[in-house]
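Beneath this line is the structure, given in structure tokens, with notes to follow.
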Amino acid sequence: MATAIPHDSLAMLRQLVSFDTTSRGSNLALIEFVRDYLDGHGISSELVYDDTGRKANLFATIGPPDIGGIVLSGHTDVVPVDGQDWRSDPFTLVERDGKAYGRGAADMKSFLAAALALVPEFKARTLRLPIHLAFSYDEEVGCLGVRGLLAELARREVKPRACIVGEPTEMRPVTGHKGKKSIRCAVHGFACHSALAHEGVNAVEAAAEIVAYIKGMARRKREHGPFHDGFVPPYTTVHTGVIKGGTALNIVPQECSFDFEFRYVPGDDPEALFEEIARFAEEHVLPEMRAVRPETGFGFTEIAAFPGLDTRDDAEVTQLVLALTGANATGKVSFGTEGGLFHQAGIPAVICGPGSIEQAHKPDEFIAVEQIVQCETFLRRLADRTAAGA
Ligand SMILES: [Zn+2]
């Protein structure tokens with residue numbers, strides 16, 4: 001690759017932002033750039049591709065390969081800029097008044113950039129505990145990509161010891177977020193003239209009864225919990241976000257589909273909540289539909305799911321991140337991350353990265369340059385720790 005290798009975080013961020021890695025497209029240009037850059041520093045990368053070969057995760061280890069170290073984890077994909085009104089080209093980093101603007105500046109290419117820019121420093125130290133880089137694809141569309149990487153890591157004898165997910169927390173240690181499960185329900189009714197409504201099966205009304213039941217569940221969660229301090233709100237939320245059905249008022253609607261989701265706190269089981277909804281539909285909605293037309297019914301399909309994160313304050317990784325940031329308390333966030341999947345894979349995780357989620361996904365997304373400086377300090381301290389062996 002002809003591009004000069006940048007050696008500082010902002011120059012690296014400029015490079016990373018210049019790759020349009022919107023989740024719907026390929027991330028390979030960025031991944032190959034990172035691979036070549038690491039290669040230039042004598043570090044080999046492992047690429048774990050998706051089924052189409054258009055996207056890949058990257059995993060690399062700096063330091064001894066035969067022991068498990070600390071993973072620096074981040075996603076390479078970004079959300080679309082479609083329909084957003086940007087003051088400048090979203091894929092050209094623009095610096096103005098101590099801020100750097102560009103898609104992914106906050107979520108979360110600055111963390112990747114700082115980690116990459118410090119690779120020569122990591123390399124120059126004799127790390128007794130390795131630092132791993134784990135860069136994923138398709139995080140923004142349901143934490144999909146990292147699953148392939150975790151499956152690959154699970155096959156190895158040596159597993160990383162802990163993971164730091166660099167999602168934007170303004171460099172504050174975050175130990176928890178809710179899990180999410182989203183489901184589509186497709187209701188198949190029977191169409192006829194609305195004047196003969198008794199001969200049809202109204203898919204919109206059947207859907208509405210299930211949606212109303214879901215709303216009842218949401219109220220119950222709000223009133224009776226379980227409650228988990230630190231989350232906002234401190235209970236599981238359940239809601240229906242999309243509904244589509246019917247064609248004209250004088251036709252009994254044949255089809256209706258709706259999407260609902262759980263964002264659940266630790267201690268709540270999304271599977272049990274879903275079973276409850278399915279049972280209601282089966283026992284209270286379906287019989288009336290089938291009595292008119294036996295071929296009617298509905299089906300549920302999962303849209304996306306990722307587990308929550310609830311790392312203990314006394315966990316080794318939490319203590320490490322507290323020490324690296326100098327913070328004396330941990331927090332929780334309302335957005336999901338890949339951290340829950342790392343945890344599920346037996347790799348304890350804490351979230352800590354530069355920038356604010358307030359700026360993520362919006363037009364004129366930016367990172368305060370001071371945040372990148374803080375992130376560099378954090379990573380240098382990590383290198384000190386890993387050079388010392390813990
Ligand atoms: Zn993110």
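Please calculate how many Å² of accessible area region 24-117 carries per residue, with a 1.4 Å probe and no DNA, RNA or ligand atoms counted. Display every interim value, and only then the final one.
Working: 3520 Å² over 94 residues.
Per-residue accessible area for region 24-117 comes out at 37 Å².
Angle, helix 316-325 long axis vs. longest principal axis of the chain, Cα atoms, 0 to 90°, nearest 10?
The two axes meet at around 60 degrees.
Given just the C-alpha atoms of the chain, how large is their convex hull per residue in cubic angstrom? Display every interim value, and only then the final one.
Details: hull volume 62.3 nm³, N = 390.
Per-residue hull volume (Cα only) is 160 Å³.
Pairs of alpha-carbon atoms within less than 8 angstrom and 6+ residues apart define the contacts here; what relative contact order does the chain have, in percent? Working shown, then result.
Details: 860 pairs, mean separation 95.4, N = 390.
For the chain, the relative contact order is 24 percent.
What are the equivalent ellipsoid semi-axes of region 326-390, built from the alpha-carbon gyration tensor (square roots of five times its eigenvalues), in whole angstrom, biggest first?
Details: eigenvalues 108, 75, 22 Å².
Semi-axes from the Cα gyration tensor: 23, 19, 11 Å.
Based on the Cα atoms of region 176-261, what semi-axes does the equivalent ellipsoid have, where each is the square root of 5 times one gyration tensor eigenvalue, given in whole Å with the largest first? Mind dumping the intermediate values first?
Numbers: eigenvalues 241, 28, 12 Å².
Square roots of five times the eigenvalues give 35, 12, 8 Å.
Can you give the direction-averaged projected area of the convex hull of the alpha-carbon atoms in region 204-246, in nm²?
On the way: hull surface 12.8 nm².
It is 3.2 nm².
Using the crude model of +1 on Lys and Arg Cβ and -1 on Asp and Glu Cβ, and no other charge, please compute the dipole size for the chain relative to its Cα centre, in debye to 20. All intermediate terms of the calculation are to be shown ahead of the outcome.
On the way: 39 positive and 53 negative charges, 127 e Å.
That gives the chain a dipole magnitude of about 620 debye.
Run the 1.4 Å probe and let me know the accessible area of ARG279, rounded to the nearest 10 Å².
120
Full-extension gain between ILE243 and PHE300, please, as 0.36 nm times their residue separation minus the C-alpha to C-alpha distance. Working shown, then result.
On the way: separation 57, 0.36 × 57 = 20.52 nm, distance 1.39 nm.
Here the answer is 19.1 nm.
Taking 1 over the mean of 1/r across every pair of different Cα atoms in region 239-313, what Kirkwood radius in Å do you get? Don't skip to the end; give the middle numbers.
Details: mean 1/r = 0.0659 Å⁻¹.
Final number for the Kirkwood radius of region 239-313 is 15.2 Å.
Can you count the Lys pairs in the chain with C-alpha separation below 18 Å, eight or more apart or on different chains?
Value for the chain: 12.
Given R₀ = 30 Å, FRET efficiency for TYR213-ASP82 by Cβ-Cβ distance, to 0.05?
On the way: r = 35 Å, r/R0 = 1.16.
Given R0 = 30 Å and the Cβ-Cβ separation, E is 0.30.
Quick one: what are the phi-derived ³J(HN,Hα) couplings along region 334-342, Karplus 6.51/-1.76/1.60 with θ = phi - 60°, whole Hz, x for glycine and proline?
Running phi through 6.51 cos²θ - 1.76 cosθ + 1.60 with θ = phi - 60° gives 8, 8, x, 9, 6, x, x, 6, 4 Hz.
Angle, helix 270-280 long axis vs. longest principal axis of the chain, Cα atoms, 0 to 90°, nearest 10?
Its long axis makes an angle of about 10 degrees.
Compute the accessible area per residue over region 244-390, keeping the other protein chains in place, probe 1.4 Å, unit Å².
Working: 6800 Å² over 147 residues.
So region 244-390 comes to 46 Å² accessible per residue, rounded to a whole number.
Heavy-atom accessible area of THR61 with all protein chains present, probe 1.4 Å, nearest 10 Å²?
About 40 Å², rounded to the nearest 10.
Which value, in Å to one decimal place, does the Kirkwood hydrodynamic radius take for region 286-353 when every pair of different Cα atoms is included?
Values: mean 1/r = 0.0652 Å⁻¹.
This gives a value of 15.3 Å.
Restricting things to alpha carbons, tell me how big region 45-181 is in terms of Rg and Dmax, in Å.
Just the Cα atoms of region 45-181 yield Rg and Dmax of 16.4, 49 Å.
Using a 1.4 angstrom probe on heavy atoms only, work out the carbon and sulfur share of the accessible area of region 231-345 in %. List each step's numbers first, then the result.
Details: 3000 of 5810 Å².
Roughly 52 percent, rounded to a whole number.
What list of ³J(HN,Hα) couplings, whole Hz, do you get for region 117-133 from phi and the Karplus terms 6.51, -1.76, 1.60, once you set θ to phi - 60° and write x for glycine and proline?
Rounded to whole hertz, the list is 5, 8, 3, x, 5, 4, 5, 5, 7, 8, 6, 7, 10, x, 10, 9, 9.
Please name whichever of THR76, ALA387, SER26 sits farthest to the positive end of the charge dipole of the chain, dipole taken about the Cα centre and charges placed at Cβ: Lys and Arg +1, Asp and Glu -1.
ALA387
Using only the C-alpha atoms of region 104-232, find the volume of their convex hull and express it per residue in Å³. Mind showing how you got there, number by number?
Details: hull volume 27.4 nm³, N = 129.
It comes to 212 Å³ per residue, whole-number rounded.
Given a cut-off of 24 Å, what percent of all Cα-Cα pairs of region 267-390 lie beyond it?
Numbers: 4013 of 7626 pairs.
Looking at region 267-390, the distances longer than 24 Å represent 53 percent of pairs.
By how many degrees, between 0 and 90 and to the nearest 10, does the Cα long axis of helix 203-224 differ from the longest principal axis of the chain?
The helix 203-224 is inclined about 60 degrees to the chain.
If I stretch the segment between HIS198 and ILE67 completely, what's the gain in nm (0.36 nm per residue apart, minus their alpha carbon distance), one decimal?
Details: separation 131, 0.36 × 131 = 47.16 nm, distance 6.94 nm.
Full extension of this stretch gives 40.2 nm more.
With a cut-off of 8 Å between alpha carbons and a minimum separation of six or more residues, what is the relative contact order of region 133-292 in percent? List each step's numbers first, then the result.
Details: 215 pairs, mean separation 41.1, N = 160.
Rounded, it is 26 percent for region 133-292.
With only alpha-carbon atoms in the gyration tensor, what are the semi-axes of the equivalent ellipsoid for region 1-109, in Å, largest first? Intermediate results must be reported in sequence, preceding the final value.
Working: eigenvalues 133, 61, 33 Å².
Computed over region 1-109, the values are 26, 18, 13 Å.
The values are calculated or read from the model by the stated rules, or taken from the named source; none is laboratory data. Fair warning: this is a prediction, and the values are worked out from it, not measured in the lab. Using ideal geometry, Cβ is built from the backbone for each residue, glycine included, and neighbour counts are taken over all protein chains shown. Note: accessible area is taken over every heavy atom of the protein model, side chains too, but ligands, DNA and RNA are not part of it. Shrake-Rupley method; radii C 1.70, N 1.55, O 1.52, S 1.80 Å.
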